[in-house]
Each structure stands twice: as structure tokens, then as C-alpha cells.
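Structure, as C-alpha cells:
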Amino acid sequence: MKEENRLPAHVAVIMDGNGRWAEKHNLPRTFGHRKGVGAAEAVVEACAEAGISYLTLFCFSSENWNRPADEVAALMDLLRTYFKEDVRRLQEKKIRVLFSGRLERLPDDIRQKAAEVSAVKIENPRLTVVLALSYGGREEIADAAKKLARAAAAGDISPDAIDEAAFSRALYLPDVPDPDLLIRSGGEKRVSNFLLWQGAYTEIVFSEKLWPDFSKEDLRAALNEYASRNRRFGRV
Ligand code: IPE
Ligand code: IPE
Ligand code: MG
């Protein structure tokens, strides 16, 4: 593998295991989520230090809406707190923050705040952090299909012009490259509807660590594991 390929340009993370961490410490699940924010902050820092260009964090899935109302409310409150201070601190450090998902399902204040945050222009960002909120890979693909069908019905695109590249451009964040590395904490070995289209050739690293225990060291270990992989993309 060529040297420049050893560092992924885009790292995506399924931050799983907050609830089990809390149970292990005899605490309510929401404490695990609160502790998980700290782990996310450490990983953002570690990615900036390592020279990663894009980091996508799976914060809340479209299926997570089916959790008990009090847990959903607690997660939304955590986002509100995060938006109040932490996001601005990131932007001061030249870290750009974007969002991906069906944001229209989020409470009004959070949706508005997300729009404000992503409108802040950062010149030559050190790192772009994408927060996946109310995100589902199948929903994203269905939404892209709908967008293209509308464009075709309006005569703006010919059905014959709908190829892989056109489809990629219809996704939520067409300018963000496909993830090179996907990390999932919490021990489960599945992708749980995350980045289905973009993940076609993504390298996956599973960590047994519950997300609140995931450290900068664990991130660096995953980067080392990635560097040792041989990406063939179907070739020999
Ligand atoms: C991930 O942790 C955070 C979210 C899905 C919001 P979980 O809440 O899924 O934690 P476990 O998997 O139940 O331990
Ligand atoms: C995936 O974790 C979603 C996030 C980390 C936000 P889940 O805990 O929701 O996934 P499953 O239910 O184990 O597949
Ligand atoms: Mg989970």
C-alpha cells in the first residue's frame, strides 16, 4: 500500500455501548450518554491531531426514535447542551461542523441550531465533523431516489443520466468523501443502517470497548489497524 493511503481521509464511528456502560456502573442509561459525549470530544481531538480530514459520528439513528420517550428526550437535551458551548469551541479551533440525516424530524430548536451551526463558514478547516442525527442509511438512499425522480419528472435530468456518480451527488452531503474506515465500539458486529451507500468499500474495525470508555488511544489503535489493511476494491 502506498504511504499516503495509510491515513484514512474519512473516519466514521458508530458510538455504541453507552447504555451498557451505565448498567455496568449501576447508573441510569442517560448517564452513559452523558459520559459518551466526553469520549466523542476526545475522538474529535485525536482525529484533528492525527490529520484526519473528515470524522462522521453516528449520534442518533432513525431507529433510535423507537426508544422510550424519556431516553429520547434526554438525548435531545444532551444535544442542546453540546450545541450551547462545545460546538463553538470546535469552530474556534477551525473545526467545521456539519449534519446528516432527516433533520426535519428533530425538535424545532435543535433543527434551527443545526442550521445555524452548519452555516458558519470555516476557511481551510483542519477537520470536518459530521454529526449524523436522525440518520438512517436506507432513508438517505430513498431520499436520494426521490430527489432524482423529482428532477427527472421535471425534465431536469434524463433517467439515463442516473448513474452511481449522479446518485452520490443526490445524497445528504455530496461533498463529503466515502468513509475509508468505520469504527464500531460496544462489541456488536453490524452496521445498523449507517452509511450504507458510502460504506461499499469501507474498512471496518470493531472495538469491544463500551463507548464511554473509548479513548484517544483506542482511536490510534484503530488507525494503526487500518494502516495494516490491504484495500483491493475488487482487484487482485
Ligand atoms: C449508543 O449507545 C448511543 C445511541 C444509540 C444514542 P446505546 O444507547 O445504544 O448503548 P447500548 O448499546 O444500549 O449499550
Ligand atoms: C447504532 O447503535 C446507532 C448509534 C450509535 C447512534 P444502536 O444501539 O442503535 O444499534 P443496534 O440497535 O445495536 O443495532
Ligand atoms: Mg446500542
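Inspect all residues belonging to the range 37-58 and state whether any of them is farther than 23 Å from Thr128 by Cβ and in a helix (DSSP H, G or I). Break it down stepwise before answering.
Residues of the range 37-58 that are farther than 23 Å from Thr128 by Cβ, as a first pass: none.
Checking the range 37-58: not a single residue is farther than 23 Å from Thr128 by Cβ and in a helix (DSSP H, G or I).
Looking at the range 60-75, can you tell me whether even one residue there is more than 15 Å from ligand 1 (Cβ to nearest atom) and of a type in the set (Ser, Thr, Tyr)? So far as the range 60-75 goes, no, none of its residues is more than 15 Å from ligand 1 (Cβ to nearest atom) and of a type in the set (Ser, Thr, Tyr). Condition check for Ala42 on (1) within 16 Å of the chain's Cα centre (by Cα); (2) within 14 Å of ligand 3 (Cβ to nearest atom); (3) of a type in the set (Gly, Ala, Ser): one failure, at (2).
Of the residues Ala200, Ala227, Ala221, the single one that is among the aliphatic types (A, V, I, L, M) and over 23 Å from Ala39 (Cα atoms) is Ala200. Only a single criterion out of (1) open to solvent by less than 80 Å² (accessible area, probe 1.4 Å); (2) aliphatic (A, V, I, L, M); (3) more than 13 Å from ligand 1 (Cβ to nearest atom); (4) over 22 Å from Asp218 (Cα atoms) is not satisfied by Leu79, namely (3). Scanning the range 217-228 for residues that are surrounded by 16 or more Cβ atoms within 10 Å (Cβ to Cβ) and either touching a Leu at 6+ places or on another chain (Cβ under 8 Å) or in contact (Cβ under 8 Å) with a residue 40 or more places away in the chain (or both) gives Leu219, Ala222, Leu223, Tyr226. Do we have Glu85 as open to solvent by 20 Å² or more (accessible area, probe 1.4 Å) and away from ligand 1 (no atom under 14 Å from the Cβ) here? So Glu85 passes the test. The residues in the range 23-39 that are open to solvent by less than 80 Å² (accessible area, probe 1.4 Å), in contact (Cβ under 8 Å) with a residue 40 or more places away in the chain and within 16 Å of ligand 3 (Cβ to nearest atom) can be counted, and the count is 6. Can you find a residue that is open to solvent by 30 Å² or more (accessible area, probe 1.4 Å), part of a helix (DSSP H, G or I), touching a residue at least 12 places away in the same chain (Cβ under 8 Å) and within 16 Å of ligand 1 (Cβ to nearest atom) anywhere in the range 195-207? Within the range 195-207 (the criterion being open to solvent by 30 Å² or more (accessible area, probe 1.4 Å), part of a helix (DSSP H, G or I), touching a residue at least 12 places away in the same chain (Cβ under 8 Å) and within 16 Å of ligand 1 (Cβ to nearest atom)), the answer is no, since none of the residues qualifies.
The values are calculated or read from the model by the stated rules, or taken from the named source; none is laboratory data. All figures in this text were calculated on a predicted structure; none of them were measured in a lab. In this analysis, Cβ positions are derived from the backbone assuming ideal geometry, glycine residues included, and neighbour counts consider all displayed protein chains. Keep in mind that these areas ignore ligands, DNA and RNA; they rest on the heavy atoms of the full protein, side chains included. Shrake-Rupley method; radii C 1.70, N 1.55, O 1.52, S 1.80 Å.
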